[in-house]
Amino acid sequence: MLQQRASPLGNPFPSLKYLNCGSVYPFANNVLLRCAQFTLSKLVISVDDTVAAWLIPEATSLTSYVRLAAIDAHIFAHASTYDQGKEIHKRVLDAASRIPQLQRLRIRFSNFRLIEYIKFFLY
């Protein structure tokens, strides 16, 4: 597991509209998403066991991101097991299904497999 940094205090990005963390997420918590409920419209994030631990339990709070219309998640597991990736996929899909205005969810796997959901399929 890569070492993650402590997060800065407060709200570092009060008007965040687009977050692209295509590589390893740099912090051990949601500092980059903090206070972006009214501005964030697209989230691109790598999801491993560590990120899933804080992102997925907050699934019900994801509904507070009122402009979030697209999520692009790259799923990888530290142990690189199929079951681990499948479980993270299930958890990301469940979290996304709770966001009523979400238009698109794209899930990529380490083996370059891609699954894309559009709004019709989330309900």
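Observations on the model:
- Note on residue 104 and residue 86: their simple-model spin labels are 2.8 nm apart, each label 7 Å out from Cα toward Cβ.
- Rounded accessible area of residue 17 (nearest 10 Å², 1.4 Å probe): 130
- Those residues of the stretch 28-53 whose amide nitrogen sits under 18 Å from the label point placed on residue 13, 7 Å along Cα→Cβ: 28-48, 51-52
The values are calculated or read from the model by the stated rules, or taken from the named source; none is laboratory data. This one's a predicted model, so the numbers in the text were calculated from it and none came from an experiment. Positions of Cβ are generated from backbone atoms using ideal geometry, with glycine treated the same way; all protein chains shown enter the neighbour counts. These accessible areas exclude ligands, DNA and RNA; they are computed on the full protein's heavy atoms, side chains included. Shrake-Rupley method; radii C 1.70, N 1.55, O 1.52, S 1.80 Å.
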